[in-house]
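Heads up, the thing below is written out as structure tokens.
Readers should treat all values here as calculations from the given coordinates under stated rules, not as data from a laboratory. Here the structure is a predicted model, which means the values were calculated and not measured. Using ideal geometry, Cβ is built from the backbone for each residue, glycine included, and neighbour counts are taken over all protein chains shown.
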């Protein structure tokens, strides 16, 4: 079990496919959303935030997220679109993308470069 919270999102499956619902599942209001793709084998991120909370969902493929909150570290593997990793402002994180992976990121604040902390924990 990870030190970092991974939500199991409500998913409804029938013979026509699966539908995963975010409504009411996140502990913050989503102000900004974006997705990262075409990053096969690449590592992105490498920062933490002053205020922004994030929710990460690998909607396709596998993304391994290295997490470090200054106390604990873990590699969280997101390999199912029903999994959602919560990233708190204190969490240093990098994301490594498997082949064809698409990562959806939902943020509690709009983009502001001055909000990023680029220095990892010692």
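Before moving on, here are some points about what is shown:
- With the alpha-carbon atoms of the chain aligned to their principal axes, the span from lowest to highest coordinate is 49, 31, 29 Å, starting with the largest.
- Full extension of the chain segment joining residue 12 with residue 80 gains 23.1 nm, where the gain is 0.36 nm per residue of separation less the Cα-Cα distance.
- Inter-probe distance in nm under a simple model that places probes 7 Å from Cα toward Cβ, at residue 23 and residue 113: 3.8
- Applying 1/(1 + (r/R0)^6) with r as the Cβ-Cβ distance of residue 122 and residue 2 and R0 = 30 angstrom yields a FRET efficiency of 0.85.
- When the range 1-61 is reduced to its Cα atoms, the Kirkwood hydrodynamic radius in Å: 14.6
- The residue 90 and residue 37 beta-carbon pair, evaluated with R₀ = 35 Å, returns a calculated FRET efficiency of approximately 0.80.
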